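The values are calculated or read from the model by the stated rules, or taken from the named source; none is laboratory data. Treat the numbers as computed from the prediction; the structure is a model and nothing was measured. Note that we place each Cβ from the backbone using ideal geometry, even for glycine, and neighbour counts take in every protein chain shown.
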Amino acid sequence: MCGSKESDHYDRILQQGGHPLDSNSCALKPGEKDDSLPTTTNHLSWHHEVLWVLHTLAADSTFVCTIAYFAFFFKVRYTFLGLLDIPKHVLHLVLMIVDTLASYIPVRLFHVMYAYMFGAAYVVFTIVFILTEVKIDLSLNPVFYPSLESGDEPLIYTAYLSIFLIAGFPVAQLFFFLLHKFRSWLISR
């Protein structure tokens, strides 16, 4: 009956007895548990939490890498291998979209922090890679992406990379969050 108007003493604290803790106050006594607050428990085991983080990293990185490839590296080639270039770089994003829609892995907007930490580690690794001048050429110039060579203005490349990751990860997280909300809406219908 703490704080209820059914009691005529709801606005007064009365001590009944000589002990200061014996009153009709709503305050908790030492060692007493507060049942009025909702308790939040973590129902995920540690490996599910790791998979959740890895899914977030994979989804955001796939989105950013696909957009970056078509923004910087893609050149239209009308050959058989050139036509296979598009599915090869889009298929990863399509699979992540299908995975997000088919599984019930929740997507939280705040989890973009995991992608930022991953992106920062990638930028640091790239800077170390450029500063130590490690050559990608293993035999007769098998260059994967031309801008990763340390000879072509590496600071400009690193600046582009940093800006792309800073701007791209929130957009990717928002995209997958909206997919998650769409999936939840479809299930609730």
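Output the residues belonging to the range 72-96 that are within 26 Å of Y160 (Cα to Cα) and within 23 Å of the chain's Cα centre (by Cα). Even if it seems obvious, please write down each step before you answer.
Within the range 72-96, the first condition is being within 26 Å of Y160 (Cα to Cα), and the residues that meet it are 72-77, 82, 85-94, 96.
Residues satisfying the conditions are H89, V90, L91, H92, L93, V94, M96.
Of the numbered conditions (1) touching a Ser or Thr at 6+ places or on another chain (Cβ under 9 Å); (2) loosely packed, with under 14 Cβ neighbours inside 10 Å; (3) at pLDDT 90 or above, L179 satisfies every one except a single condition; which is it?
(2)
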